[in-house]
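Report on the structure given below.
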Amino acid sequence: MALQFHNTLTRRVEPFAPLDPDGRIVKIYTCGPTVYNHAHIGNFRAYVFEDLLQRHLEYRGFTVERVMNLTDVDDKTIRGAREKGVPLADFTAPFKEAFFQDLETLRIKPARAFPCATDAEHVARMIAMIEKLVAGNHAYQAEDKSVYFRIASFSDYGRLAHLNLEELRPSGRIHSDEYEKESVGDFALWKAHDEADGDVKWESPWGPGRPGWHIECSAMATALLGNRLDIHCGGVDNIFPHHEAEIAQTECCTGEKFVNFWMHCAHLMVDGRKMAKSFGNFYTLRDLIDKGWRGREVRYVLLSAHYRLPLNFTFDGLAGARSALQRLDEWRRRLAELASAPGTGEPFPAGDEDKFGAALDDDLNVSAALGSLFDLVRETNRAMDGGELSPARVRGLLDYWERINSILRLEEESSEIPAEIAALLEERNAARAAKDWARSDVLRDELLARGWVAKDTKEGTKLTRSIT
RNA sequence: GGCGGGGUAGCCAAGUGGUAAGGCCGGGCUCUGCAAAAGCCCUAUGCGUCGGUUCGAUUCCGACCCUCGCCUCCA
């Protein structure tokens, strides 16, 4: 099956082909976090989905150029800095650093660039774009000195979200100052400085102020990737208004179609309901790590359901992920032992029977892909039990695992056995050889206390790290 | 009110106009000094409800119920 993805613009699954005339480079822009706190696992669902997308494209031979922005100026960051009494940059810096650590914990491949909204060159570009929009009659300065995009000037506005602008119902999120706009749907490109912003301001042709949220993505995406993108990702809640606004601004500036494929992932829920601090079901990645869960376990949970379906996150699910991963670990370890003798691998899968890759080609059907992997695990375990797997075949299977793991990145943490642990193991082996079971059991407990599980198998005792 | 996701075993979750992948849990077996671990095997006459089309519907059509979300700075 040819590679195909769901496109929010058309609400259809469409064959994917990059803009690159050589068909090699894929340009992706992904909306990143607002750094006013630690990102929560719902945020990371989107980033893990984007990671899966990138890695699968790479599996298929594309070179992915991906950019992810960091929003480091907005109402929330300004408020946070004020409450703490520190400059904005000092307030956001630790959250930026934490975010990068979290990406690493979840084994998310870093983007090629992580531009920040406050980067001088990007602020300059935002201002330049706004000037162009004003000159082109797509934007205007209102009485409150802010500059707004005139949605009436862009006939496609509402196309991505499939919203009929006449039927929009006012919500509580509209601020009182917005009646200064020509239309209630007009959104801010440049926000005039006010008291609450403190010293957070940039000079502009419209007076001091700061960029609106939407324009930052348009400026940074076009600056780093060009006027046209292959794919733009985000959570479904970004469809409207954020991505709608991005299309309007960017296309009015460039006169070109901004994005070919819009891909949005559904929300994460926790225990069957929206994650919210008031429900007591709000978790950052750090909360889970502190509870003893591993990054790859969280990654597995976030990865294992299709990205366009709501994902219900539970601790039962996390425990299930742990068990499933151990099954994969054990399988890989068995293969590795059987493959230890040198030799040539027998290519696997034979021909084009790559069910795993084929499933992902179909709009990242990761559930089907994992299903095929576990089928393979069971079949080959059975063959290994019966001693029917040749070393060459085993090496081929290991090679296949390496390839699909370049997408999944679910391998176990490498665990070198420390000398003292090895010494305890030696001692226990001696006790067992002497059939001194009491001593053997004491040493097993000792190993366990130090975080290692001893398993006596017919090939001898094996050590693995205990969980938590 | 408008727009859009979902409802498949105890839990999570693929999928198809022809009789339900996979994972977790549970049960059985094997291995084993014991234990643990691991491996194998088993586990939905059923796919929200009610109608319709069809030789045949979980799949297509219609109505309805439930649930989650978006509707102007939430991934």
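The values are calculated or read from the model by the stated rules, or taken from the named source; none is laboratory data. Please read these numbers as outputs of a predicted model, since none were measured by experiment. Virtual Cβ from ideal backbone geometry, glycine too; neighbours counted across all protein chains shown. To get the accessible areas, we keep the full protein, side chains included, count just its heavy atoms, and leave off ligands, DNA and RNA. Shrake-Rupley method; radii C 1.70, N 1.55, O 1.52, S 1.80 Å.
Here are some notes:
- Number of residues in the range A:267-322 that are assigned to a loop (DSSP other than H, G, I, E, B) and within 7 Å of RNA strand B (Cβ to nearest atom) equals 10.
- Subset of the range A:194-203 that is open to solvent by 20 Å² or more (accessible area, probe 1.4 Å) and in contact (Cβ under 8 Å) with a residue 40 or more places away in the chain - its residue that is nearest to RNA strand B (Cβ to nearest atom): A:A196
- Boolean, A:A111 is small (G, A, S) and part of a loop (DSSP other than H, G, I, E, B): yes
- Residue tally, condition among the small types (G, A, S) and surrounded by fewer than 20 Cβ atoms within 10 Å (Cβ to Cβ), over the range A:215-234: 2
- Taken over the range A:141-161, the criterion of being farther than 24 Å from A:D237 by Cβ and open to solvent by 20 Å² or more (accessible area, probe 1.4 Å) is satisfied by A:Q141, A:E143, A:D144, A:K145, A:R150, A:A152, A:S153, A:S155.
- In the set (1) in a loop (DSSP other than H, G, I, E, B); (2) closer than 30 Å to A:F49 by Cβ; (3) out of contact with any Asp or Glu (no Cβ under 9 Å at 6 or more places or on another chain), A:E411 fails one condition alone, (3).
- Of all the residues in the range A:346-372, those that are in a helix (DSSP H, G or I) and under 22 Å from the mean Cα position of the chain (by Cα) number 12.
- Long-range neighbours under 8 Å by Cβ, at least six apart or interchain, first residue closer than 18 Å to A:A266 by Cβ within the range A:364-383, second within 6 Å of RNA strand B (Cβ to nearest atom) and open to solvent by 20 Å² or more (accessible area, probe 1.4 Å): A:L364/A:H306; A:N365/A:H306; A:V366/A:A305; A:V366/A:H306; A:S367/A:A305; A:S367/A:H306
- For the range A:253-261, the condition of being within 10 Å of RNA strand B (Cβ to nearest atom) and surrounded by 18 or more Cβ atoms within 10 Å (Cβ to Cβ) holds for none of the residues.
- Qualifying residue in the range A:454-465 (condition: outside the structural domain of A:D385 (by TED's automatic domain parsing), over 29 Å from A:L288 (Cα atoms), more than 8 Å from RNA strand B (Cβ to nearest atom) and open to solvent by 80 Å² or more (accessible area, probe 1.4 Å)): yes
- Of the candidates A:E83, A:E58, the single residue that is away from RNA strand B (no atom under 16 Å from the Cβ), in contact (Cβ under 8 Å) with a residue 24 or more places away in the chain, open to solvent by 10 Å² or more (accessible area, probe 1.4 Å) and assigned to a helix (DSSP H, G or I) is A:E58.
- When A:E411, A:E402 are checked against the criterion of being more than 13 Å from RNA strand B (Cβ to nearest atom), under 29 Å from the mean Cα position of the chain (by Cα) and surrounded by fewer than 12 Cβ atoms within 10 Å (Cβ to Cβ), a single residue qualifies: A:E402.
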